[in-house]
Every structure is written in C-alpha cells, then in structure tokens.
1. I'd like the full set of residues that are open to solvent by less than 30 Å² (accessible area, probe 1.4 Å) and acidic (Asp, Glu), limited to the stretch 56-86.
2. Of all residues in the stretch 291-314, which are under 20 Å from Ser347 (Cβ atoms) and either hydrophobic (A, V, I, L, M, F, W, C) or open to solvent by 50 Å² or more (accessible area, probe 1.4 Å) (or both)?
3. Counting only residues that are under 25 Å from the mean Cα position of the chain (by Cα), give me the helices (runs of 4 or more DSSP H) lying completely in the stretch 174-291 with at least 2 of them.
4. Inspect all residues belonging to the stretch 11-31 and state whether any of them is over 17 Å from Thr216 (Cα atoms) and under 18 Å from the mean Cα position of the chain (by Cα).
5. Looking at the structure I just gave you, is Gly288 away from the ligand (no atom under 13 Å from the Cβ), within 17 Å of Gly255 (Cβ to Cβ) and surrounded by fewer than 20 Cβ atoms within 10 Å (Cβ to Cβ)?
6. Looking at the stretch 163-190, I want the residues that are closer than 25 Å to Ala38 by Cα and open to solvent by less than 10 Å² (accessible area, probe 1.4 Å) and have a partner that is of a type in the set (Phe, Trp, Tyr) and at pLDDT 95 or above with Cβ atoms under 9 Å, at least 6 apart or on another chain. Which pairs are those?
7. Could you check how many residues of the stretch 155-195 are hydroxyl-bearing (Ser, Thr, Tyr) and touching a strand residue (DSSP E or B) at 6+ places or on another chain (Cβ under 9 Å)?
8. Among the residues of the stretch 221-274, which ones are within 16 Å of the ligand (Cβ to nearest atom), open to solvent by 90 Å² or more (accessible area, probe 1.4 Å) and over 28 Å from Ile285 (Cα atoms)?
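The values are calculated or read from the model by the stated rules, or taken from the named source; none is laboratory data. All of these numbers come straight from a predicted model, not from anything done at the bench. Cβ sites come from the backbone with ideal geometry, for glycine too, and all protein chains shown count toward neighbours. The protein model used for the area step is the full one, side chains on, heavy atoms only, and it has no ligands, DNA or RNA in it. Shrake-Rupley method; radii C 1.70, N 1.55, O 1.52, S 1.80 Å.
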Amino acid sequence: MRIAALIVAAGRGTRAATATAGPKQYALIGGQPILSHAIRAFARHPDIHDVTVVIHSDDVDLYGKATEAVDRTKLSPPAIGAATRQASVLNGLQSLAPQPPDLVLIHDAARPFVTATTISNVIQALRDRPAALAAVALTDTLKRASDKGLIAETIPRANLWRAQTPQGFHFAPILAAHRRAAAAGLDQFTDDAAIAEWAGLDVAIAEGSIGNVKITTAEDLALADLQLTRAFEPRTGTGFDVHRFCEGDHVWLGGVKIPHARKLEGHSDADVVLHALTDALLGAIGDGDIGQHFPPSDPQWRGAASRLFLEDAARRVRARGGRISNVDITVLAEAPRIGPHRAAMQSLIGEVLGLAPDRIGIKATTTEGMGFTGRREGIAAMATATVLLPAPPE
Ligand code: MG
C-alpha cells in the first residue's frame, strides 16, 4: 500500500502577511516557513511514502529555502500550480499519475499543526471508504442572522462538522473525479471532499484536532508564532580565540580582508572573530568546539576560509531544529581599527547565519597597551551566541 501526501501551496493569499512579504505559506512561524512545518508532519509519518508540494511558478526560490532544513528523503520535486486551488490540486494529482499511489492525502500548506494522529485517522478511515476528511465537531452554538443584524434562528449543531485537511482518497477515483469536474467546466470547488461528493463517492469523517488550524489572518500568524516560540528554550554559548602576528600585509577579521602591516598566523585564514563566533554557536548547543570538528592536523583545512566553519556551526544548529537569536563579538586589538569594517562583517555574518544586522554585535577595544594584545603580539576575540532550541517535551 503506497500512500502519497500532496501539499497545496500554490495560493497567492497574503491576508496573513505582516512583516513578511509574499504568500502566507512562506511566512515564518517559530523561525521556519509555515510550509516547512506541514511538510515535516507528513515526511516523518511512517505510513507516508512520498510528499509532493504544489507550488506557484513564481515561488521556486521560496520553496527551495523552505525545504533547506527538512528531511528530503520522501520529498519529490514540486508540481506547479494553476489559477485556482482546484486546478492546482489537479496538476498535483496528474504529477503523481505516472507512478500512481494507492492513496493520496491532500493537505493545505496553511495548516502547519496537523498531527500524526490526525493523519493516521484519515488513513484508517480509507480502509473501507473511498474518501475521508479530517473534521472536528462544532462546539459553538450556530445562529443565523437577518439582514438587519438580528438573530433570526438558532441552528441545531447536531451532525455539523468543521472540515479540515488532510482529506484522503483512493487515488484513481479522486483523479477521475477531478478530471471530470475540470472537463465539465466546474472550477470553484473549495475542497477536494466536495469534488468527491459531487462525483458520488462516500466521504467518511475522521477525527481531526482543534489545534489543526488554518492560518488565514495576521492574528492567526502571530498566535501560531507565539505557540511555537513558547516551545523554545534559549541557550547561550561563549567562544574565545587568539592568533599571533607574523610577517604579512593583511588580516582576516569577521570574514573581511583588512590591510594591515602584519598578518595573523594560523592553519586556516586565522580569522579570530569567526573562530570565536563558531565556538560560541557550538557551545550553545553543546556540540564540541571548532578544533574537534576541523582539526588543525587535517591538511584539508590549510588556508581555509573560516566562513566554512561558521556555516558548519549554523547547519548544526538548524539540524537540531534550532534558530539563532543573536550573536555578540568583542575584538581585542590595538590595531587595525574595526569601526570602518563593522558593516561589512555584519553583512557577511548575517548572510551565513540568516540574521539581521541588529542581531549581530561587533565591538572592539584596545587593552591600553597591556598584555599580549597591548604589545601588538596578536589579536584576540570573544563571542557569545544565543540559540533557541526546541524545548524537550514536559
Ligand atoms: Mg583560531
């Protein structure tokens, strides 16, 4: 039994957009695009074999970014959507048709909190029905109002359900139903269960969950972000590094090449700023230090650009589902002056770590002529980094 998940992410909906420009499915909650949470929920479910996302043709780059930090083992290349949700789903189903799965679960990208239990419930319901949707029973009392804004009647809520996704189907009949609907010029169905109903398929109800909300408004987005951010705990790490001067005409600091009367001696490019920063990030996640991951004895790191070390530390943070909150660096040197190069360092570090400049502190001090930095024997740097890691379940 092969089960595919088809995640619909081709919409242009920007109602939820606030600080984030662009379609809402790429807005960040808990530091990651809404879409990537939805992909993860299906990719990690043991019964799902394949995950295909239907995207807008303008969103290829956004999609690439959204899938950077997800396990791609089950991820197929994306399908390209069309003008309506219904037509986008049809494109997605057609993309699966050459190697048809037995079952397909169609899910809206804007529902990032779908649980494994809900997915299992839908799959279970498909054992003896051709179609099933996740739904929750109504708990609010329903009223119908008159045009004057007065209550006209109370509607009994027995047998009323709120439809969610995923909606699951035996693959062949839902593909046939979608093709027939398109051929008949019907293009305004708002969910796939409605097409199944129209085609005469029995649609079963599977227990959904209250938390499986659809993010539609800016308020939904803020609440979803809060929900995920609360589940993070801050971790702080520190780093310190020193390199001595030798003959040369430039130093590398913070990934920036700065002309200087001497250079710093080291196995790599001897960038004390990036080394201290890399150690601070590794420290925050308790993952050893730079020397452990990139031993100076290993010839492949001779003359290496230290940006590589920082990129590796950022990858290690992401691999734990973490996000970097801010970093702060102090350079200890009599010379060169750091101020003129601060913006360039912030730009490079920001690019590697995905941080805005106001989350990257870069400061410098002399040591008033005292000690080894005061005697201009070398340069030292210290750094702290704060990382938000998913809190362990209580
Ligand atoms: Mg070093």
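1. Passing the criteria: only Asp59.
2. Ala305, Arg307, Leu308, Phe309, Leu310, Glu311, Ala313, Ala314
3. On the way: elements: 192-198, 218-229, 272-284.
Fully inside the stretch 174-291 and qualifying: 218-229, 272-284.
4. Quick first cut of the stretch 11-31, residues over 17 Å from Thr216 (Cα atoms) only: 31.
Right, trim to under 18 Å from the mean Cα position of the chain (by Cα) and you get 31.
Within the stretch 11-31, one or more residues are over 17 Å from Thr216 (Cα atoms) and under 18 Å from the mean Cα position of the chain (by Cα).
5. On the way: away from the ligand (no atom under 13 Å from the Cβ): yes; within 17 Å of Gly255 (Cβ to Cβ): no; surrounded by fewer than 20 Cβ atoms within 10 Å (Cβ to Cβ): yes.
Spelling it out, it is not the case that Gly288 is away from the ligand (no atom under 13 Å from the Cβ), within 17 Å of Gly255 (Cβ to Cβ) and surrounded by fewer than 20 Cβ atoms within 10 Å (Cβ to Cβ).
6. Within 9 Å, the pairs are Pro166/Phe42.
7. Restricting attention to the stretch 155-195, the residues satisfying the condition of being hydroxyl-bearing (Ser, Thr, Tyr) are 165, 190.
In the following step, the residues that additionally are touching a strand residue (DSSP E or B) at 6+ places or on another chain (Cβ under 9 Å) were identified as 165.
Of the residues in the stretch 155-195, 1 are hydroxyl-bearing (Ser, Thr, Tyr) and touching a strand residue (DSSP E or B) at 6+ places or on another chain (Cβ under 9 Å).
8. Arg244, Glu265
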